[in-house]
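Worksheet: the structure to be examined is printed underneath.
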Ligand code: NAD
């Protein structure tokens, strides 16, 4: 039996990848707030611990594919909640599944964002405290900030945290990569579009291709990142954003 685990499997990109993995014959264990094999709230320490233990039980301690898709968008009022899910929830699950991935020489894709490098947040206190794994301190820094001020930093820190794991995890036979989508047509993006003010930020994103991604374009790229032909890809950040990152940062990569 080959096991695939997908967080955020009930909606959007996670749901698309879940279907693909099922079609390829994987036994898929979804983790989400609803409509999933493992119901868990990744914003809380207890929820994360339950998600990890229940999943490990269901997959006999072996994970062949792991997609970390669970996340919240920058249109929400509660910036602290977004950091709890997007950074601390994602990393807890990733680290909790390290041994299970090693047991299967598994492949993991983490969903970052092309927004992660569009602002100079490299040395932002919020990013540093996330990378230090200090959830309480991060919450203190975020306070009552809107998620619009937090989202990109969560994805920036998450991407760096993943890449920091690349040497050790690679030696264990685990593949770790990040996909950095631009705006993608999912319920999350619909939430941004429906927001009275945050929706305007979408018009400010330069996209050479002049459109947002279809969910299957992101799901299809993840499928490739999970495939044998991508077996030497490790520690990569794959932008799928219609050219936005190249337009904003043509001389940086
Ligand atoms: P979505 O809202 O359609 O799906 C996200 C899923 O995460 C939902 O099923 C939701 O229930 C789950 N989730 C949220 N909070 C949770 C929690 N506390 N515990 C467990 N599960 C939780 O969103 P999507 O667009 O498919 O987003 C998937 C990932 O892609 C996210 O990490 C998002 O940040 C990232 N992303 C999305 C876009 C975009 O424009 N849609 C762009 C770049 C990156």
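Before moving on, here are some points about what is shown:
- Extent along principal axes [Cα atoms of region 207-246; Å; largest to smallest]: 32, 21, 11
- Cα point-scatterer Debye curve for region 3-241, base-10 log of I(q)/I(0) at q = 0.08, 0.11, 0.14, 0.16 Å⁻¹: -0.26, -0.51, -0.86, -1.15
- Counting only alpha carbon atoms, the long axis of helix 12-23 and the longest principal axis of the chain meet at about 30°.
- Principal-axis tilt of helix 151-164 within the chain, Cα atoms, nearest 10 degrees: 40
- Its relative contact order, with pairs defined as Cα atoms under 8 Å and 6+ residues apart, puts the chain at 21 percent.
- As a proxy for reagent exposure, 123, 60 were ordered by neighbouring Cβ count within 10 angstrom, fewest first; the result is 123, 60.
- Selected from 23, 83, 152 as most flexible by GNM, with the chain as the system and alpha-carbon contacts under 10 Å: 23
- With neighbours defined as other Cβ atoms within 10 Å of a residue's Cβ, the residues 234, 195, 75 order from fewest to most as 234, 195, 75.
- Gyration tensor over alpha-carbon atoms, region 17-117, equivalent ellipsoid semi-axes in Å: 23, 15, 13
- GNM remark for the chain: springs join alpha carbons under 10 Å apart, and the peak mean-square fluctuation among 33, 68, 158 falls on 33.
- Quarter of the Cα convex hull surface for region 111-227, i.e. its orientation-mean projected area (nm²): 8.9
- Of 248, 215, the sequence from fewest to most neighbouring Cβ atoms within 10 angstrom is 248, 215.
- For the chain, the longest principal axis of the C-alpha atoms and the axis of helix 215-225 are separated by about 50°.
- Springs between Cα atoms under 10 Å define the GNM used for the chain, and in it the highest mean-square fluctuation of 36, 180, 231 occurs at 231.
Since every read-out is calculated from the coordinates, none of them should be taken as a lab result. In this text the structure is predicted, and so the values were computed from the model without any measurement. Note: ideal-geometry Cβ built from the backbone for every residue, glycine included; neighbour counts use all protein chains shown.
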